1. Only one of ALA107, ALA162, ALA138 is modelled with pLDDT under 90 and out of contact with any Gly (no Cβ under 7 Å at 6 or more places or on another chain). Can you tell me which?
2. Only one residue in ALA106, ALA135, ALA119, ALA95 is crowded, with 22+ Cβ neighbours inside 10 Å and either hydrophobic (A, V, I, L, M, F, W, C) or over 26 Å from VAL181 (Cα atoms) (or both). Which one?
3. Name the residue that is nearest to SER405 (Cα to Cα), counting only residues in segment 232-274 that are under 21 Å from the mean Cα position of the chain (by Cα) and polar (S, T, N, Q).
4. Select from segment 44-87 the residues that are of a type in the set (Val, Ile, Thr) and crowded, with 18+ Cβ neighbours inside 10 Å and list them in ascending order.
5. Kindly provide the set of residues from segment 342-358 that are surrounded by fewer than 23 Cβ atoms within 10 Å (Cβ to Cβ) and either closer than 22 Å to ALA244 by Cβ or among the basic types (Lys, Arg) (or both), ordered by number.
6. Restricting to segment 66-92, name every residue that is without any contact (Cβ under 8 Å) to a residue 60 or more places away in the chain and under 18 Å from the mean Cα position of the chain (by Cα).
7. Looking only at segment 312-361, count every residue that is more than 28 Å from VAL388 (Cβ to Cβ) and part of a helix (DSSP H, G or I) and tell me the total.
8. With respect to THR234, determine if the residue is of a type in the set (Ser, Thr, Tyr) and over 19 Å from VAL356 (Cβ atoms).
Amino acid sequence: MTLAPQAAAEARPSPPPLRRNRDFVLLWSGAGMSFLGSRVTAVAYPLLVLWHTGSPMSMSLVTFAALLPALLVQLPAGALVDRWDRRRLMVVCEAGRTLALGSVAAAVFTGRVSVAHIAAVAFVESCFTVFYRLAERAAVRNVVPEEQLPQALAQNEARGRAAGMLGQPGGILLYTAVRWVPFVFGAVAYLVSLLTLLFIRKDFQGERTGERQRLHREVAEGMRWLWRQRFLRTALGFVAGTNALFQVLSLAVILMIKDEGRSEAVLAVVVTGGGIGGMLGALTGGWWLRRCSQRAILIGGLAAWAALMTGIAFTNAEPLLLGLLFAGTSLVGAVFNVAAAVYQVRTTPDEFQGRVASTANLISSGTNSLGALLAGLALELWGAADSVLLTGGAMAALALAAAVSPALRTEDAAAPAKYNGRGLENDDRDLGEHDNDGGKAHD
């Protein structure tokens with residue numbers, strides 16, 4: 001690698017602010033509408049099925065269909081995002097989701113609701129969502145300058161948090177007003193997102209060279225590349241552990257609220273606190289990245305989570321205190337997400353963006369089901385408060401393990417490699433052996 005002279009770097013003019021980057025603004029706002037639409041429909045699906053059938057099992061079936069693509073489609077989607085034209089793929093995704101939701105709105109409007117139809121649409125929409133989000137995340141580095149990447153991805157995280165805050169209660173309100181309206185809203189949101197994509201001028205990927213391999217080989221190649229990144233693969237292991245613990249925490253807090261005789265309004269306070277904390281974390285993520293190493297963010301965040309979880313165990317479900325502590329956990333989580341996005345995008349060659357992101361997503365989300373199972377066992381054995389206390393102890397153990405982990409003492413290099421269709425062309429050093437300031441993977 002050849003470094004540019006310091007004088008040349010200083011002479012280079014600063015890029016305009018992101019708000020004046022036309023392509024980024026279009027991508028950001030269109031994806032924001034897309035995220036909001038998916039949040040609205042995600043809460044509307046189970047409500048519609050339960051209202052129509054009165055069957056919790058049918059509701060569970062549709063929810064399962066909506067979640068299944070995250071496991072089945074994630075890895076091949078990552079390879080295809082790297083293989084296909086990303087903008088064209090995103091346009092197809094938005095068109096497909098618009099038509100799918102339009103069919104649900106028409107079915108509800110005409111009174112011809114079918115559980116099989118709703119489950120199929122939920123599955124198809126989620127498949128398109130997996131493709132869209134992988135392509136959108138990979139596209140960001142191609143529409144913003146390198147030095148603005150942390151700020152751009154922090155704004156993306158804030159956008160996602162805002163969509164969650166608005167979309168879930170908004171979906172409930174729209175469904176309560178008129179049952180087919182949430183699906184019309186989602187279809188319109190996807191259509192708006194599609195239109196913004198048509199006006200973006202920049203390409204969403206670099207030039208592709210070399211011959212294509214079979215899909216399973218491309219998937220395996222992306223997984224091998226990720227495995228060679230010592231810091232990244234180790235950090236992902238810690239992320240998987242934290243995600244399992246948060247599944248325990250979430251269910252334990254709901255039971256704690258019930259056991260303490262608190263009303264459902266307390267849960268609303270907790271969700272609101274979490275949303276506010278997440279927004280603050282997303283907006284300050286770039287600030288933390290400029291001042292802390294990736295190792296410090298990881299270890300400090302784990303320690304902060306351990307302290308916050310321990311505090312939650314002693315709140316007696318007091319609304320304000322519980323909401324403040326949950327705001328803290330969400331703030332840390334949002335900072336982690338910003339650091340993860342920046343680190344993964346910077347260290348991964350453009351040709352591997354989709355595959356590495358999809359593998360990381362699969363690893364980080366794969367422990368959620370295990371966490372839910374652990375939650376059930378813990379709540380049965382120890383009850384809510386003790387389960388939360390044990391969760392805080394387990395998080396403290398993860399923080400200690402991260403602090404002494406040799407693999408987290410050196411970070412992987414930013415991606416200078418080129419891809420030739422058969423592998424990475426790089427200098428004669430292993431990518432996993434460089435020191436570099438990047439980000440930490442957390443999804």
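1. Matching residue, one of ALA107, ALA162, ALA138: ALA162.
2. Checking each option against the conditions leaves just ALA135.
3. That would be THR234.
4. To start, the set of residues in segment 44-87 that are of a type in the set (Val, Ile, Thr) comprises 49, 53, 62-63, 73, 81.
Listed by number, the residues that qualify are VAL49, VAL62, VAL73, VAL81.
5. At the first step, the residues of segment 342-358 found to be surrounded by fewer than 23 Cβ atoms within 10 Å (Cβ to Cβ) are 346, 349-350.
Result: ARG346, single match.
6. LEU67, LEU68, LEU72, VAL73
7. 17
8. In short, no.
The values are calculated or read from the model by the stated rules, or taken from the named source; none is laboratory data. Just so it is clear, the model here is predicted, and its values are computed rather than measured. Here Cβ is always computed from backbone atoms with ideal geometry, including for glycine, and neighbour counts include all displayed protein chains.
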